[in-house]
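Note sheet for the following structure.
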6 protein chains.
Amino acid sequence: MQKLVEGIHHFQDRIFRPYQEFFARLATGQSPEALFITCSDSRIDPNLLTQTAPGELFIARNAGNIVPPYGAVHGGEAATIEYAVAVLKVRDLIVCGHSDCGAMKALVDPHGCSGLPAVAKWLEHAEATRRILATSYPELKRPEELLEAAVQENVLVQLEHLRTHPSVAAALARGELHLHAWIYQIDAGAVFAYDPAREQFEPLGTTRGLVRPPARGTKRLVS
Amino acid sequence: MQKLVEGIHHFQDRIFRPYQEFFARLATGQSPEALFITCSDSRIDPNLLTQTAPGELFIARNAGNIVPPYGAVHGGEAATIEYAVAVLKVRDLIVCGHSDCGAMKALVDPHGCSGLPAVAKWLEHAEATRRILATSYPELKRPEELLEAAVQENVLVQLEHLRTHPSVAAALARGELHLHAWIYQIDAGAVFAYDPAREQFEPLGTTRGLVRPPARGTKRLVS
Amino acid sequence: MQKLVEGIHHFQDRIFRPYQEFFARLATGQSPEALFITCSDSRIDPNLLTQTAPGELFIARNAGNIVPPYGAVHGGEAATIEYAVAVLKVRDLIVCGHSDCGAMKALVDPHGCSGLPAVAKWLEHAEATRRILATSYPELKRPEELLEAAVQENVLVQLEHLRTHPSVAAALARGELHLHAWIYQIDAGAVFAYDPAREQFEPLGTTRGLVRPPARGTKRLVS
Amino acid sequence: MQKLVEGIHHFQDRIFRPYQEFFARLATGQSPEALFITCSDSRIDPNLLTQTAPGELFIARNAGNIVPPYGAVHGGEAATIEYAVAVLKVRDLIVCGHSDCGAMKALVDPHGCSGLPAVAKWLEHAEATRRILATSYPELKRPEELLEAAVQENVLVQLEHLRTHPSVAAALARGELHLHAWIYQIDAGAVFAYDPAREQFEPLGTTRGLVRPPARGTKRLVS
Amino acid sequence: MQKLVEGIHHFQDRIFRPYQEFFARLATGQSPEALFITCSDSRIDPNLLTQTAPGELFIARNAGNIVPPYGAVHGGEAATIEYAVAVLKVRDLIVCGHSDCGAMKALVDPHGCSGLPAVAKWLEHAEATRRILATSYPELKRPEELLEAAVQENVLVQLEHLRTHPSVAAALARGELHLHAWIYQIDAGAVFAYDPAREQFEPLGTTRGLVRPPARGTKRLVS
Amino acid sequence: MQKLVEGIHHFQDRIFRPYQEFFARLATGQSPEALFITCSDSRIDPNLLTQTAPGELFIARNAGNIVPPYGAVHGGEAATIEYAVAVLKVRDLIVCGHSDCGAMKALVDPHGCSGLPAVAKWLEHAEATRRILATSYPELKRPEELLEAAVQENVLVQLEHLRTHPSVAAALARGELHLHAWIYQIDAGAVFAYDPAREQFEPLGTTRGLVRPPARGTKRLVS
Ligand SMILES: [Zn+2]
Ligand SMILES: [Zn+2]
Ligand SMILES: [Zn+2]
Ligand SMILES: [Zn+2]
Ligand SMILES: [Zn+2]
Ligand SMILES: [Zn+2]
């Protein structure tokens, strides 16, 4: 805790004071352009990753960047989404998974939730991810491959869940909202985005081959 | 979106490359010391505020930094708390509210949730906040005073909710976890922490009078 | 009731006896090719409409042909869908709304659910339909136009809900299931199917102009 | 699907055209006399079985013809029942189980719901059926005998559940509604109805011994 | 509190000491013969009323002596009933309402639950009572008459709910459990029991006309 | 039942008649000073134990004297608490556990809830108790020691749950309500109360060493 207190002290001296006017303007309202939904994992700093300043990203974070289908949980996700879309009128909605995700590890490990009843119940909202892994990736045996596929399929599953939220469905119907499936690969410092046309995740924000391609493109046939 | 993509590009060039070793170490695991629960408000950047690096704070964010009592919602908050306390074994748990909070405005405004059914249901978990305002602050009439009291009482209410989570109750019983109620005042660049002994919020991390004192200390008598 | 008893008597004499062998084969198992989800409305006879025999259609019926998102209700719809897709392995899944639907009338009428608490709670799963109507069809004032749009938008909304069911998501991911949005127009004896490419409902099963076109094609832009 | 499309085509030519006037009258309203609750099983065609025309039966169908007690699920069954009884004012309410029911097989087989979480949750509303089987039929060992008892007891259990629905309770209190427990035996082309006086299921609609009697009458002592 | 502490002191001296052997035998187990479900109202003392000693009555008490249908609430009532019937094997189950009941007053008063959200939600399990009052007693206008009918109808409604509990259904099916609907009239010191044959409440435990008859017999026609 | 009927008869003759005036006053209203929440166990008679008369204690009873956190169950406990605190304005709220509690035995026995699904679900609200036992009392092996610790920890856990109820939180904030954790030891005829200052249970209502001290004081460190 001492470190956090000193950090805040440092923030006040080095960040707040020089930019006092910026913070004063900020103090009376916000108009972020995007809702960024990501994992609670300590290694993700959405503002650092996107180089955004306070005021630019509305952020929801939980273990596994999960978005329960509308009505499945009267929880924080539904309220945060509704507030972002219907009140703040954000134009973009990003679900961002990440490599080495503890929640996804728990999902693919049969004993991953032992002694963790709340995590187990929460991962019921990734049951579609689990079932897609079982039926579409039967050949994957090594845990790290399974994990990689889980991370990818899960952001797509959660994106489908997002569409059932009335505020999202209405904004989509009017063409006023765009959905994005991202994956942050920590060791590569890179973000991959799902390309619906090519049906796979592709590097975002660079064409210079900095990042290695994901193990496999997920193939999602639209009925 | 273009701005976010460029930001990520910038992150890769200026942050990731120079610190590639740091991120490589980070890529295989995390051991944050605290769980930081705060609002989705775009103006809050927990890592900026506490001057922490990736890997240091496990973060849960939702509209209104609300923590439903255990069992009230099988949602992301319960799972994230359980994962942080029982798996990552964080030592500190902070609920951090903030000034000018849209969720708290919706709470104190009788029409604040009109057309927002998911927000309305979510704020049922701040019903205790609402009732404390009605019975302990009947003299407050001006919206900004009510809002200030709401923000303060709400972090205390959510802290009580936290205690009902089994992983938290067990860690508290063993003296292995500490709970903190904080408020981030945007225009002052300051954080206030609740002092149970003095029963009021006091400036954190500075004794130099940088920040103005909160309008009123909340008085919470323990039965 | 007397009429029903006599009807069964008649069935035994005129249908069962002549086709006793057919029913004997049927008695030990089923392998329907489609799951047909439609309204409880007495005017819909799915087997008559599709000219199918016993054994050909697995059928779920409720007021409003509503399919709650997965997890929103641990109800009959989820179980029936899971059984049809994961056990019976149906290849097609049809959500079929209809003209003059009482549930949709209740949805668009502000007082439509007065005194009907169970119907009101059920129609919360058509909240997306309601919100799309409010934001995409603000110019519609006449009840019959609103109803027509409600019926159309609702089958599309329920189809989105279907995608969140794990068995459906997994079968879609493997290309083993196809989803269809239909509307049965009682007075025209016609069925309209949604064409995702043209983003509107079009007559099914005939090109001969028997049926009048729907009042308006619904425009659903995919993000 | 091609078959269904052709079927609809056929319906338009051979059924709709000749009876256009009938369908035109039907198009503006319905006043069915009964609510028929039955299984989604493809082998059941309620209109064929009772020789009723469109407009005569309001129909709810789900896997296992289950009716959760009021409040247990805010699902389609409650809304459909409320609509049928309170709005359409049906006079008769029939719960119709059937032989060879897959849902009942899953209920009596300890592994019947493995891999089917939604079915498992749904069958919790037949827990009373399961418990009656365990305590009142301990001597039944052979699966087909257990299944037969399960089908019979389950319609009685679901009928008890029906009585807890407020619209049903109120209509029963006024003597304006009658409840019926039926079982459709596919291979016999016969329907059995429960006779409360004799406490067993008896053939309906025939006294000519067409159907073989059910294996055993269920004995239900009224306290 | 001082009074309660002194009372316990008194109990120790005057009750426990003289009957120490009785309490010693009691200390290692219980085998009550009945489950008594009644209101939390302070004026009801079930042991005083039935002149029973510790060990004789298993007792569940809540506001309004309400028993939600099985599955409607995963609450104390269901667990207490299951424990009493399946573990303790009680032979009788009594639901005992009472005159001047605050919960029933709240039920019949349109504003009775204002500011009481938990009471309002709880009384949803007496919705059938409310609907029976509306449809079967439209002529009752005076609050005290409505209240009297509410108290009577409500114990019958809750008795129907009881039947949906699997342990109860199974015990009833075997004839090992008997259900009783009672009303305790405080000012008369009398208990009325529902007589299914005569379809009305009648004085219990006396034929000497001590008590005045209930204002009206409730008429419940069995379908 | 005959015994209960005779008991009521006896009550009418020996208790009601002589105290008819007392009961007449009681008949029109109540103003109890405390809400007493205890187990349904037949061996507990709250009025006998505290030597209180009808009208003095508002009483809630369920298996295990459990109080789910607010919102976790829309059940009788929440409504009864809200009614007692917000309507009757009781000043004291007692949660009273007891020795030899069947619910606590089921909690600490891994097979304690087998065949008892409703009890199992109910005991999820004592999950914190279970987790505290596992982490703070790992050395306890003998069932009777575990049970004793379970009974003690559970009343403290349920007291924490109580604080999340809005009516309780608001009354506590104003200093108008006091919470008490009690344990009734049947064989000692004694009540123990938790002393927050000394962090252990101590004999209530006597200083004369009548009762043996509990096996161990629970140590609950406040963060
Ligand atoms: Zn993660
Ligand atoms: Zn906020
Ligand atoms: Zn309809
Ligand atoms: Zn079936
Ligand atoms: Zn009462
Ligand atoms: Zn007990």
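Bear in mind that the values in this text are calculations on the coordinates, not laboratory data. Computed from a predicted structure; not experimentally measured. Methodologically, a virtual Cβ is constructed for each residue, glycine included, from the backbone with ideal geometry; neighbour enumeration extends over all protein chains shown.
A few notes on this one:
- Cβ-to-Cβ counts within 10 Å put C:Thr52, D:Thr129, C:Thr135 in ascending order as C:Thr135, C:Thr52, D:Thr129, the fewest first.
- When E:Pro196 is represented by a point 7 angstrom out along its Cα-to-C-beta vector, the spacings to that point in the other copies are 0.9, 5.1, 5.6, 5.6, 5.9 nm, nearest first.
- Antiparallel bridges, percent of DSSP beta bridges restricted to the stretch F:25-203 (to nearest 5): 30
- Only Cα sites of the stretch C:36-111 enter the Debye sum here, all with the same form factor; the resulting log10 I(q)/I(0) across q = 0.13, 0.24, 0.26 1/Å is -0.44, -1.21, -1.30, listed in q order.
- With 29 Å as the limit, the listed pairs C:Lys121/D:Lys121; C:Lys141/E:Lys121; B:Lys89/F:Lys121 have C:Lys141/E:Lys121 beyond it between alpha carbons.
- Among beta bridges that DSSP assigns inside the protein assembly as shown, antiparallel share in %, nearest 5: 35
- Number of partner chain Cβ atoms within 10 Å, mean per residue of C:81-90: 5
- Computed over chain F, Kirkwood Rh from alpha-carbon pairs, angstrom: 18.9
- Label distances, nm, B:His10 versus same residue in remaining copies, Cβ-directed 7 Å point: 2.1, 6.7, 7.8, 7.8, 8.6
- With the convex hull drawn over the C-alpha atoms of the stretch D:89-152, the volume per residue is 106 Å³.
- Computed [θ] at 222 nm, helices only, for the protein assembly as shown once each DSSP H run of length n ≥ 4 contributes -39500 (n - 2.57): -10000 deg cm²/dmol
- Annotation for the stretch D:114-189 versus the stretch A:110-144: alpha-carbon center distance of 34 Å.
- Its Cα gyration tensor gives the stretch A:1-72 an equivalent ellipsoid; the semi-axes, largest first and in whole Å, are 27, 18, 11.
- Using C-alpha pairs under 8 Å with a sequence gap of at least 6, the mean separation divided by the residue count of the stretch A:25-203 gives a relative contact order of 25 percent.
- Taken one residue at a time, the phi angles of the stretch B:48-55 give Karplus couplings (6.51, -1.76, 1.60, θ = phi - 60°) of 5, 4, 9, 6, 9, 8, x, x Hz. Gly and Pro are set to x.
- Counting Cβ atoms of other protein chains within 10 Å of each Cβ in C:91-104 and taking the mean gives 2.
- Residues listed by number, the stretch F:82-107, amide nitrogen under 15 Å from F:His178 label point at 7 Å toward C-beta: F:90-95
- Chain F, rotation onto C, residue closest to that axis via Cβ, with its distance in Å: F:His74, 8
- 20 Å Cα-Cα reach of C:Lys105 towards aspartates and glutamates, excluding residues that sit fewer than 8 places from it in its own chain: C:Asp41, C:Glu124, C:Glu127, C:Glu139, C:Glu144, C:Glu145, C:Glu148, C:Glu153, C:Asp187, D:Glu77, D:Glu82
- Cα gyration tensor shape for the stretch C:110-210, rounded if a/c is under 1.5, else prolate or oblate: oblate
- Modelled spin labels at A:Glu144 and E:Ala53, positioned 7 Å past Cα toward Cβ, are 7.3 nm from each other.
- Other protein chain Cβ atoms within 10 Å, averaged over every residue that makes up D:182-189: 5
- Sorted largest first, extent of the protein assembly as shown alpha carbons per principal axis (Å): 97, 92, 56
- Distances between copies of A:Arg142, taken at a point 7 Å out from Cα along the Cα→Cβ vector and listed shortest first: 5.5, 5.5, 6.6, 6.6, 8.6 nm.
- Burial ordering of E:Ile15, C:Ile37, fewest other beta-carbon atoms within 10 Å first: E:Ile15, C:Ile37
- When B:Arg91, C:Arg142 are sorted by how many other C-beta atoms sit within 10 angstrom of their C-beta, beginning with the fewest, the order is C:Arg142, B:Arg91.
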